[in-house]
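Data first, discussion second: the structure below is written as structure tokens.
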Amino acid sequence: MLRSRLLTAIVLIPVVVGCIYWGKLAFLALVMLLLTLAEIEFCQLVTRQGFRPAPVFGVGLVWVFLLSAYLQAPWAQSAGLALVFLASLAWQLAHREGMPVADWALTVSGGIYLGVCGAHLIALRALPDGLWWTLTVIPSVMLADSAAYFIGSRWGRRKLAPVLSPGKTWEGYVGGIVVGALLTAFFASLWRLGAGAGSAVGATHGLILGTLIATVAPLGDLAVSMIKRSAGVKDSGNLLPGHGGALDRVDSILWAAVIGYYYVLLVA
């Protein structure tokens, strides 16, 4: 398990960092790929519970939000949403077997959730100094998550959410906050060298962001755990050895993107 996690990380980290660095279409393509796979996995999870969502429309909603954020065109979002909503309703009217209202609601809810949160990743990268802020926000999740995993595995005793995620402990959660905040502050101080003296990126904002993200972002993981437990599975997929599926990897990152974007916009 640990070996698989490390090998997968060794392969993925350069790809992710490269796409963040290049930005624009490279970063958009990475986010679109991951969230498309995450939406498909979400539909597969609820299908296991007897529902029949239509993944093509969920993916369509994800793309509408991401592309409109990239183009910075609100009109495109409005037009795209109207088109996908009407098409998905027409499809549902033609396929009324089972639970059509619930099926339609699940089709659009997954796409809206992933699309809206994912759009904040695109918006974060497009901000002034967006490269450095994105390199602060996304690693912050991974650092806190890794610290929580190792500390919880070694010293964890008190279960954090035994019904939703039996492996998570309060010791790991608190350890993840402390280590995640400190390491995020450290890396943000390094990014300050690249961003220049006029940038707000630095240790202080890194410490605050790291603390906020490590404290709140795990709720995204628990939300997906709730869906997985209802479906009776441990992981959303097996795309990434040792890490599960795409939805398992982006669940906390999406919350971190929202936190990071509004922190930079309103505070930094």
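Only the coordinates and a few stated rules stand behind these numbers; no lab work does. What you are looking at is a predicted structure, and each value in this text was computed from that prediction instead of being measured. Every residue, glycine as well, gets a Cβ built from its backbone with ideal geometry; the counts of neighbours run over all protein chains shown.
Here are some notes:
- Approximate spin-label separation residue 266-residue 178, in nm, with each point projected 7 Å along Cα-to-Cβ: 3.0
- Relative to the dominant Cα principal axis of the chain, helix 130-155 is inclined by about 90°.
- Percentage, to the nearest whole number, of Cα pairs in segment 86-244 over 24 Å apart: 49
- A cut-off of 5 Å between modelled amide H atoms, ignoring neighbours fewer than 5 places along the same chain, links residue 168 with 160, 161.
- When the Cα convex hull of segment 5-72 is projected onto planes of every orientation, the mean area is 5.6 nm².
- As a rough footprinting exposure proxy, the listed residues 140, 78, 88, 165 were ranked by other beta carbons within 10 Å of their own, and the order from fewest upward is 78, 165, 88, 140.
- 222 nm mean residue ellipticity, helices alone, for the chain (DSSP H n ≥ 4; -39,500 (n - 2.57); rounded to 500): -27500 deg cm²/dmol
- Helix 246-266 axis versus longest C-alpha principal axis of the chain: approximately 60°, rounded to the nearest ten.
- Relative to the longest principal axis of the Cα atoms of the chain, helix 24-47 runs at roughly 50 degrees.
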